[in-house]
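Shown next, in structure tokens, is the structure this report addresses.
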Amino acid sequence: MTLLNEKDLLLEVARGSEHAFSMLFTAYSGRLGNHIYRITESIELAEEVVQDVFLKIWLNREALIGIDSFKSYLYVLSKNHALNCLRKVAKERIQQKALEVNAIDLVSEDNADKNSYYELLDKAIDHLPPQQQKVYLLSRHKRLKYDEIAAQMGLSRETVKKYLQGATHSITSFVQSCGNISAVLAILWTFLENS
């Protein structure tokens with residue numbers, strides 16, 4: 001396929017051409033990543049937004065036929081997605097602070113509670129499937145980032161993220177089944193603090 005003008009390229013993508021989509025991605029992803037980084041001040045978040053936006057474009061590719069300026073469309077779409085991501089991060093930070101205050105109060109009330117929290121957490125971790133357990137320990141104990149864990153274990157970044165989400169859910173459920181609310185809050189605080 002020869003290099004097409006933008007309108008023809010969009011038409012090819014709308015028709016389902018993966019090659020044309022790849023050309024579109026190559027042409028815009030770097031500049032878009034830089035633009036989003038200026039908004040978010042996070043390389044990881046910028047990469048996530050670029051991937052999400054291009055995935056959305058591919059899934060709704062038929063809509064590209066009516067686009068007059070792809071660059072404007074792309075930048076508006078990505079800016080909106082980045083702002084939504086920033087709102088979500090801000091909301092999570094507020095929740096983290098609230099959990100932190102509650103967990104510190106509950107855990108520091110009694111040293112025995114603190115010890116039972118760690119014992120319960122260890123039991124919950126022991127119940128995780130081996131891969132989830134390894135990802136969890138690398139993330140929470142060795143403080144490795146998603147990309148570092150992915151490289152070390154030969155997994156995709158998205159798989160690492162899903163394993164950690166699964167581990168969080170499993171550990172929280174295990175602790176809840178034991179009826180220890182202070183431990184649940186402390187575990188949630190620990191997860192939010194380290195994520």
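The values are calculated or read from the model by the stated rules, or taken from the named source; none is laboratory data. None of these values were measured; they are calculated from a predicted model. Note that each Cβ is placed from the backbone with ideal geometry, even for glycine, and that neighbours are counted across all protein chains shown. Please note that ligands, DNA and RNA were not included when accessible areas were found on the heavy atoms of the full protein model with its side chains. Shrake-Rupley method; radii C 1.70, N 1.55, O 1.52, S 1.80 Å.
On the stretch given as the stretch 29-39, residues that are in contact (Cβ under 8 Å) with a residue 24 or more places away in the chain and open to solvent by less than 20 Å² (accessible area, probe 1.4 Å) total 2.
State which residue is nearest to MET23 (Cα to Cα) when the search covers only the stretch 48-91 and only residues that are in a helix (DSSP H, G or I) and among the polar types (S, T, N, Q).
Filtering the stretch 48-91 down to residues in a helix (DSSP H, G or I) leaves 48-59, 61-66, 70-91.
Narrowing the set further to residues that are among the polar types (S, T, N, Q) leaves 51, 72, 78, 80, 84.
Numbers: GLN51: 15, SER72: 18, SER78: 18, ASN80: 23, ASN84: 27 Å.
So the residue we want is GLN51.
Of the residues making up the stretch 103-138, those that are assigned to a helix (DSSP H, G or I), at pLDDT 85 or above and not hydrophobic (A, V, I, L, M, F, W, C) are ASP126, PRO130, GLN131, GLN132, GLN133, LYS134, TYR136. Screening LEU83 against (1) under 27 Å from LYS145 (Cα atoms); (2) open to solvent by 70 Å² or more (accessible area, probe 1.4 Å); (3) touching a residue at least 12 places away in the same chain (Cβ under 8 Å) leaves a single unmet condition, (2).
Would you check if there is a residue in the stretch 91-102 being over 30 Å from THR172 (Cα atoms), among the hydrophobic types (A, V, I, L, M, F, W, C) and either out of contact with any Gly (no Cβ under 9 Å at 6 or more places or on another chain) or at pLDDT 85 or above (or both)?
Step one: filter the stretch 91-102 for residues over 30 Å from THR172 (Cα atoms), giving none.
No; the residues of the stretch 91-102 include none that is over 30 Å from THR172 (Cα atoms), among the hydrophobic types (A, V, I, L, M, F, W, C) and either out of contact with any Gly (no Cβ under 9 Å at 6 or more places or on another chain) or at pLDDT 85 or above (or both).
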